[in-house]
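Have a look at the structure below, then the notes.
The values are calculated or read from the model by the stated rules, or taken from the named source; none is laboratory data. None of these values were measured; they are calculated from a predicted model. A quick note on method: Cβ atoms are made from the backbone with ideal geometry, for glycine too, and the neighbour counts reach across all protein chains shown.
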There are 4 protein chains.
Amino acid sequence: MKNTFGSSVSVTVFGESHGAAIGAVLDGLAPGIPVDEEFIAFQMKLRQSVGALSTARREADSVRIVSGVFNGRTTGTPITFIIENQDTRSKDYGELAYKARPGHADFSAQMKYHGFQDFRGGGHFSGRITAGIVAAGAVAISALRGRGISIGTHILSCGGIYDRSFGDINADTARLGSMEFAVLDDAKAREMQAAITAAKQDGDSVGGRLETIVTGVPAGVGEPWFDTLESILAHALFSIPAVKGVEFGAGFAAADMLGSQCNDCFRSENGSVTAPTNNNGGIIGGITTGMPILFRTAIKPTPSIFREQQTVDLNTLENTTLQIKGRHDPAIVHRARVVADSVTALVLCDQLAIRFGTDWLKAE
Amino acid sequence: MKNTFGSSVSVTVFGESHGAAIGAVLDGLAPGIPVDEEFIAFQMKLRQSVGALSTARREADSVRIVSGVFNGRTTGTPITFIIENQDTRSKDYGELAYKARPGHADFSAQMKYHGFQDFRGGGHFSGRITAGIVAAGAVAISALRGRGISIGTHILSCGGIYDRSFGDINADTARLGSMEFAVLDDAKAREMQAAITAAKQDGDSVGGRLETIVTGVPAGVGEPWFDTLESILAHALFSIPAVKGVEFGAGFAAADMLGSQCNDCFRSENGSVTAPTNNNGGIIGGITTGMPILFRTAIKPTPSIFREQQTVDLNTLENTTLQIKGRHDPAIVHRARVVADSVTALVLCDQLAIRFGTDWLKAE
Amino acid sequence: MKNTFGSSVSVTVFGESHGAAIGAVLDGLAPGIPVDEEFIAFQMKLRQSVGALSTARREADSVRIVSGVFNGRTTGTPITFIIENQDTRSKDYGELAYKARPGHADFSAQMKYHGFQDFRGGGHFSGRITAGIVAAGAVAISALRGRGISIGTHILSCGGIYDRSFGDINADTARLGSMEFAVLDDAKAREMQAAITAAKQDGDSVGGRLETIVTGVPAGVGEPWFDTLESILAHALFSIPAVKGVEFGAGFAAADMLGSQCNDCFRSENGSVTAPTNNNGGIIGGITTGMPILFRTAIKPTPSIFREQQTVDLNTLENTTLQIKGRHDPAIVHRARVVADSVTALVLCDQLAIRFGTDWLKAE
Amino acid sequence: MKNTFGSSVSVTVFGESHGAAIGAVLDGLAPGIPVDEEFIAFQMKLRQSVGALSTARREADSVRIVSGVFNGRTTGTPITFIIENQDTRSKDYGELAYKARPGHADFSAQMKYHGFQDFRGGGHFSGRITAGIVAAGAVAISALRGRGISIGTHILSCGGIYDRSFGDINADTARLGSMEFAVLDDAKAREMQAAITAAKQDGDSVGGRLETIVTGVPAGVGEPWFDTLESILAHALFSIPAVKGVEFGAGFAAADMLGSQCNDCFRSENGSVTAPTNNNGGIIGGITTGMPILFRTAIKPTPSIFREQQTVDLNTLENTTLQIKGRHDPAIVHRARVVADSVTALVLCDQLAIRFGTDWLKAE
C-alpha cells in the first residue's frame, strides 16, 4: 500500500504541487462524529502559516468535502477532501525539469519514476501534500477530543534556539492548539523568528525539533512486536517531509543513562497507576501505560535555499550548478507542527479502533 | 497484523521466554537462495553474546528449520525456524507474577492481556524472542549478499563511551560482521566493556547507540508517503525491545544545521551520481538515492537492575517495592547489534521484492 | 482497510449516490502508462448503459482526473478520478429514510452505521459507486493491453436465457469490448432484452450470469495459500453489488465430475505447455498455468422492484409495507459487465506488479 | 502477505507434505480463551477421516502447541501449532520430480518456483497443510462458541448424490459437529460412500459440494466495498485446495430468479428483524443482517487418479504419459468439511475482532 496509511482507520493522500487538485480520503472513522468545517479551515490556516517566515505562495486552501459526511456528521464511509490548486506559477520551475535540487527528492524520484514524474514544485513530494493530511487530521482530532484525548505539539527548537519543556501539560496543550508559531516561551519564540529571518536574508534556511505530548490514551494500546505503538507513530511521522529523527520519552538521551536513572518507577495514586518520571514516553513493550505519550521529531532545514549549489543534470548526468528561484520557506518547522498533530491523531484513531472496535470513537 | 512484518517478504515471530519453544516464520523470500546453517548458528551466537557482559542464562539456541528449505536452498514457501527453550528457571520469577518491574512491559501487558499473559521471564516481551528474528535475518542477509548488498552495525556508544564513526565503509562493514563486541576502535571497546562491568558491579545497567550502514541498495526504492524507506525501517527498528530513538543521516543534528550545511550536493563521478556528504542517510523523499543508507538507534539501559525499586502490585494496585533476582544483562546494546542487522536485512528483502519482483533476490 | 483493494496497485472508492461527488484513487500503477481519456469515457458509457433497459437517471459521468497524470501518462503516484453527481432527485427517497428495502443494504447499513449513513439512493452502497471502479479500471485495462493481456466478459445468462460459450477466444474478446449489451449470440441478446422488458412491465426485475476470460497472463502468478489468484479475484468480484456466486473453470459443475473427466491433461505444443480442456480455469494450486483464466459470476435480480413488499420500519422495528418509487434498473447484469472487466484488470495489475515488480506494466 | 490470512486475528501456515513438520501460527486471538487440546485432537481426526474412503497414509497428527497458551488459556500472543511429519514414503514420488500431474499444481509451481520447490507429495500445495488450519480453527471455533456463534457444514453432494438441505438449523449444526462423514440424510450418506468406493475401484475419483451455515453472528459485520463479508469468506474458502466455486444464499440460482422471488422481505418478530427466506445468505451489501450466514463450496474431484494420463515432462517440456502410484484419496469432500468449518471460524474471529475490538471474543 503506497499512499495509504492505517488499517481500521486509514488515510490516502493524492495530488501534485502544481496539478489540478490535492486531497485525501479518510476511511473507517466511526459514524456520528461531528465534522466542524470551521475547525478544519483553522487547521489549514495553521499549516499555511504566517507572513514573512513562510513561502509567498498563497493558496486559499479551502477544503471541499465531497463524500462521507451527512447532516454534519461522519457516515462511517470514506470522507474525501478536495483542495484545488490555484496559485501555481509553473514557469518558475523550468530549469528544475532536469537539475536535481540538493536535499530534494528530484534525483530519487527520477530513479523511481524514470522521468514520468510531475517535477513542477516538487510534484507529489511537495510539502503541499500535507494539506490533505491536515484536513483529515482535523476530523481525527475532533473524534479523539470526544473521548477525552488531547494532542499538543510545540517547537522545541528552531535555528538552534530551544523552547522550555512541557510544564502543566493540560494548560500547555490547550494553549498550543491555537498558536500560529507554537512556542511555550514567548521570548524564545521571538528569538526563533529572528533566526528564521536572518537565515532568509542570508539566502539560507533553518531546521528544528517538534515535541508532542498526548494525554488521555488508555493503557493497553499497541503490540509487543512490529506494530509497537512507537513503530506505528514513527512510521507515520517519518513520512512527513524533512523528518530525519524520531525519539520517545528520553529518546537518544536514554542511551547515556543508567538503568536506575531511566526506569520509570510505578506509583499508585488513588487507584490509578502512574510514575513520577516518563523516560519511556508513555509506551513500554510497545504498549501504552496510560502515562502521556511523549515524542520528539527532528526536521532538517528546508532544502530550497537561494545560493548557488552544485548538482547534476538529470538528463546528461553531468555536473552543473543550480540557482533556485521561486517562492520558498526559510523554515518549515512551525508549519510542520500541525502536520505532526494531524498524523498523530490519525494514528491514534486507527490504533484505538483496532483495539476497542470501529464504534469506539463514535460520539455517545 | 500483529506479530508479522513485511508485505512481499514477511516475518512472523512467536514464543515466550519460558514457554516450550520460540521461533519465526519467514515467508516470501525468492526460491533458490542458499541457506547456510552454519551462518545462522554464527549469528545466533552473536546474539547470545559473551560471558561476563551478559545474562548467565545459557541456551543452546540451536535452530531447527522445519519447512521451506529443500536441498539446502529456499523453496519460496514459508521457512519456519524453531528454537526449543531449555534453561528455564521459572521459579526465579515467582514474585513477578504480580509486581510490575519498572521499565519492563509487565504493567502495559497486564492492561492489554488482563492477566492471561505468560509473565515468566517477560514472556512474549522477552528480548529472547529476537532469536527468531536473527535466524530469519541470517537468511535475509545471505540473500542480500547475493545481490551485492552489505549491512554493517557498530556500537556507536555504550555507557557514555563513543566509538569512532565509519571510515572505509567496506572494510569496516566486513570487519564488523564477525565481531562479538562490534566496536570499530579497540580501545573504545575496552572502555565500554569496563563501563558495563562497573554498572553490573553496582547492580545497575547501561544503554547505548547503534549505528548501521548499508551499501549496494539501488536508487529508487521506497515511497514518497507513508511507506517511505525511513518509515519502514523505523517501524521495524522500534520493535526491537529497548529502542527509544531512530535517526537517519545527520538525524537530530540536522535540526541545528543551516540548509547550506545540510544539503547533500550531488556530484557525478564516472556516470554515477553521489555526494561528498550524506546528511540525508541515503534516503530523500522516502526513496533511496544510491548513497549508503545510514541510521542510528538509541537503546535504553536494561530495565532489570538489582536495586530495590518502587512499583505497584498488579493485583491490588497498591504501592510496594521490588528486588529483582535471576539472570540479567547489565547491557544489551552489544547483543542488539545483530538484531539491528537482521531487522534491516528483512526490511530490505521486502522492499526490494516489492520494487523489483519476487524473484529479484534469487541466486542467478 | 475498508474501501481500498490491492497491495502494490490499489484502488480506493468513495462517494454516495446523492452526495456531491463520487470517485476513486488508483495508486501504485507504473509510471509512463498512456492515459486515454476517450477510452475512459467510453467505458463509463458502457457502465451507464442503454435506454429502456436501465434506470432513467441520467448522469454525464464525466471523469475529472486531478492527480497522477502528467503529459498524458501515469506518473506513478495516485491517480484521482472525480465524478460530480448532478441528476439527484433526493425527494424520491423520502420514505426510504426509515423503511428497509428488501434485498437492499438498508437494514444491514442501519446495524453498522446506526442511522448516520447517507440513505439517499442507497448512499455508499449504490451501484453508482462502481463508476469510480470503471474509471480506474479503464487505466488498468490499458496497462494490461500494453503487455498483451486481454479481458473479455459476456452475459452468459439473463432472465433464464443463455448465451453460447466462448469460441474463438481472441475474436470474441475483441468483439465484446465495444458492445453495449455484451452477448456473443445476437439472437440470444434479443431474447434477453425481451426478458428484461417483460420483467420491467411487470414491475419486476431479472438477474444473470457473467462469464469472463483473460488471455496473456504469464504462468506462475498467484500464491498457494490464502492469496490464491482465485481468492483474490473472488474477493474483488464479490464486492460488486448483487454478486452472489463466483466459480472458476468448470466451477460447481466440477463437483459432479470424475477426476478422469475434470483433470486438464497437459500437452506441449511448440515448446509451450497447454491443455485441450480448461476445467481449472487457468489456475491450479492458486497459481496461473498460462491457460486462459476463466470464471463466472452470478448476479442476483435488481432488488428495486415496483411491487408492494413487506418490510420493517427501521425506527420502530415494526412491520410495514413498502412501495418503491423512483428510477431503477429492471436488470443490471449488462451494466455490471464492464465492472467485472474493470475489477479483473485492477486485480491483475496488482498481482503482476507484486510478482514482477512495480515497473513491469510500464510501457517500454 | 502470502501464507498469512487475516488482519486482527490472523493465521499463517507453513510446511511441506514430506518435510520435517507442518503447522500454523494463530495470532491476535483475545486472551483468556480456553484451549481444549482434546477438541483440537478430535478435529484433527475428522480431517484425517475414515478407512477405505481416504488415503492409506497414516499420520498421528498430534499437535504440539509451543507458544501462546498458558494455564490452558490463550495469552493473546501468537499460538504456534507444530505437527511432525512421520509416515513419509518419498520414494513413491520419484517420477513426479519431473512429470506434471494433471489437475495438480506441479506445473504452476514449476513456473513460480523454478524447480526449487519441494515436489514430494505436493510439497507446500498438499492438502496436508490444511492440518495446521484445522488446529488453529479448533481454537477459533471454541472462541466463537463462547459468544454463541455456531458453524455447521454438511456434504451437500458427493459423486452426484445430494443430501437434503438444512432443516432445524440448531439441531443439524449440533449433530454435524461430531460426524465423520457429515451428511444429514443417512441413506444419502451410504449412497455417497458407495459412489466413492466405486470410483476408487475404477482408479478414479469424485468431487462434491459443501454447504455451511453459521448462526449467532450479530448484524452489522462486514464492509460495503472490497472487504464485504462475502469477499473475505470467499477469499479464505478459495484457498482450500480443490475449491472451484463459492456461492452465498441462493447463489447461482439467484441469477435465474425474478426480483420478486429473490428479495428477502424483512419481518419483525418480537423486536428482532428476520425474513422467511434467506436468498441473500445472511449478507446484504457486504454486511451481516443477523440471519444465518449460508454458503456452498464446490470441490473438484481429487486429481490423483490411478489411470494413465497424458502430461509433459517439466525438464524437457516434451509430451509423455504418467501413471500415478502411492496413497491417495478417491474423494476429499468429507475431509474438506472440517477445513471449511475451520476457515470460516478463523474469518469470523478476525471480522468480529475488527468490528468489536480485540477483547470481544474473550471469555467473560
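Of the candidates B:Ala182, B:Ala194, the single residue that is of a type outside the set (Asp, Glu) and over 20 Å from the mean Cα position of the chain (by Cα) is B:Ala194. Within this structure, B:Glu230 fails the test of being touching a residue at least 12 places away in the same chain (Cβ under 8 Å) and either in contact with a Gly (Cβ under 6 Å, 6 or more places away or on another chain) or more than 7 Å from chain A (Cβ to nearest Cβ) (or both).
Residue count for segment A:258-274 satisfying the condition of being under 22 Å from A:Ser231 (Cα atoms), out of contact with any strand residue (DSSP E or B) (no Cβ under 7 Å at 6 or more places or on another chain) and not charged (D, E, K, R): 1. If you check B:Gly245, B:Gly326 for being part of a loop (DSSP other than H, G, I, E, B) and either surrounded by fewer than 22 Cβ atoms within 10 Å (Cβ to Cβ) or not charged (D, E, K, R) (or both), only one passes: B:Gly326.
Taken as a whole, segment C:126-138 holds no residue that is over 30 Å from C:Ile79 (Cβ atoms), within 14 Å of chain D (Cβ to nearest Cβ) and in contact (Cβ under 8 Å) with a residue 24 or more places away in the chain.
If the condition is being more than 7 Å from chain D (Cβ to nearest Cβ), among the basic types (Lys, Arg) and assigned to a helix (DSSP H, G or I), then segment C:99-125 contributes only C:Arg120. Listed by first and then second residue, the pairs linking a residue in segment B:163-185 that is over 25 Å from B:Pro276 (Cα atoms) to a residue that is part of a loop (DSSP other than H, G, I, E, B) and not hydroxyl-bearing (Ser, Thr, Tyr), with Cβ atoms under 6 Å apart and 6 or more places separating them unless they lie on different chains, are B:Glu180/B:Val50. The single condition from (1) touching a residue at least 12 places away in the same chain (Cβ under 8 Å); (2) polar (S, T, N, Q); (3) more than 7 Å from chain C (Cβ to nearest Cβ) that D:Thr288 fails is (3). Scanning segment C:3-50 for residues that are surrounded by fewer than 23 Cβ atoms within 10 Å (Cβ to Cβ) and part of a loop (DSSP other than H, G, I, E, B) gives C:Ser7, C:Ser17, C:His18, C:Ala20, C:Gly32, C:Val35, C:Asp36, C:Ser49, C:Val50. Residue under question is A:Ala174, and the condition is that it be over 18 Å from the mean Cα position of the chain (by Cα) and part of a helix (DSSP H, G or I); does it hold? Yes: the conditions hold for A:Ala174.
Taken over segment C:265-277, residues that are at pLDDT 95 or above, surrounded by fewer than 20 Cβ atoms within 10 Å (Cβ to Cβ), part of a loop (DSSP other than H, G, I, E, B) and within 8 Å of chain D (Cβ to nearest Cβ) amount to 1. A single entry from D:Leu314, D:Leu352, D:Leu294, D:Leu361 fulfils the requirement of being within 30 Å of D:Glu59 (Cβ to Cβ) and aliphatic (A, V, I, L, M): D:Leu314.
For segment A:222-233, the criterion of being within 24 Å of A:Arg47 (Cβ to Cβ) and in contact with a strand residue (DSSP E or B) (Cβ under 6 Å, 6 or more places away or on another chain) is met by no residue. D:Gln310 meets each of the listed conditions (1) closer than 25 Å to D:Ile151 by Cβ; (2) within 9 Å of another protein chain (Cβ to nearest Cβ) apart from (1). Candidates in segment D:144-171 are the residues that are closer than 16 Å to D:Ala340 by Cα and among the hydroxyl-bearing types (Ser, Thr, Tyr); of these, the one that is nearest to the chain's Cα centre (by Cα) is D:Thr153.
Just a yes or no: is a residue in segment D:1-14 within 7 Å of another protein chain (Cβ to nearest Cβ), modelled with pLDDT under 95 and under 30 Å from C:Phe248 (Cβ atoms)? Give the derivation first.
At the first step, the residues of segment D:1-14 found to be within 7 Å of another protein chain (Cβ to nearest Cβ) are D:1-5, D:7-8, D:10, D:12-14.
Of the ones still in play, those that are also modelled with pLDDT under 95 are D:1-2.
Checking the rest, the ones that are also under 30 Å from C:Phe248 (Cβ atoms) come to D:1-2.
Taking every residue of segment D:1-14 in turn, at least one turns out to be within 7 Å of another protein chain (Cβ to nearest Cβ), modelled with pLDDT under 95 and under 30 Å from C:Phe248 (Cβ atoms).
Filtered by the rule that a residue be modelled with pLDDT of 95 or more, surrounded by fewer than 21 Cβ atoms within 10 Å (Cβ to Cβ) and of a type in the set (Gly, Ala, Ser), segment A:66-114 gives a lone residue, A:Gly72. Put simply, of A:Asn315, A:Asn280 the only residue that is at the interface with chain B (Cβ under 8 Å from one of its Cβ atoms) and in a loop (DSSP other than H, G, I, E, B) is A:Asn280. Residue-level check: of (1) on the phi < 0 side of the Ramachandran plot; (2) within 7 Å of chain A (Cβ to nearest Cβ); (3) not in a helix (DSSP H, G or I), B:His235 misses just (3). Every condition in (1) in a helix (DSSP H, G or I); (2) free of Cβ contacts under 8 Å to residues at least 24 places away in the same chain; (3) surrounded by 18 or more Cβ atoms within 10 Å (Cβ to Cβ) holds for D:Ala194 except the one numbered (3). For segment D:248-264, a residue qualifies if it is assigned to a loop (DSSP other than H, G, I, E, B) and among the polar types (S, T, N, Q), and exactly one does: D:Asn263. Among the numbered conditions (1) without any contact (Cβ under 8 Å) to a residue 40 or more places away in the chain; (2) under 24 Å from B:Gly251 (Cβ atoms); (3) within 14 Å of another protein chain (Cβ to nearest Cβ), the only one that A:Val206 does not meet is (1).
Apart from one condition, A:Arg307 fits all of (1) under 14 Å from A:Gly103 (Cβ atoms); (2) of a type outside the set (Phe, Trp, Tyr); (3) crowded, with 17+ Cβ neighbours inside 10 Å; the exception is (3). Restricting attention to segment C:248-264, does a residue exist that is under 19 Å from C:Val343 (Cα atoms), in contact with a helix residue (DSSP H, G or I) (Cβ under 8 Å, 6 or more places away or on another chain), touching a residue at least 12 places away in the same chain (Cβ under 8 Å) and within 7 Å of another protein chain (Cβ to nearest Cβ)? Yes: one or more hits.
Within segment A:127-155, the set of residues being under 27 Å from A:Ala21 (Cβ atoms), in contact with a helix residue (DSSP H, G or I) (Cβ under 9 Å, 6 or more places away or on another chain) and of a type outside the set (A, V, I, L, M) comprises A:Gly127, A:Arg128, A:Thr130, A:Gly137, A:Ser142.
Scanning segment B:164-203 for residues that are away from chain A (no Cβ under 14 Å) and either aromatic (Phe, Trp, Tyr) or under 17 Å from A:Gln261 (Cα atoms) (or both) yields a count of 2.
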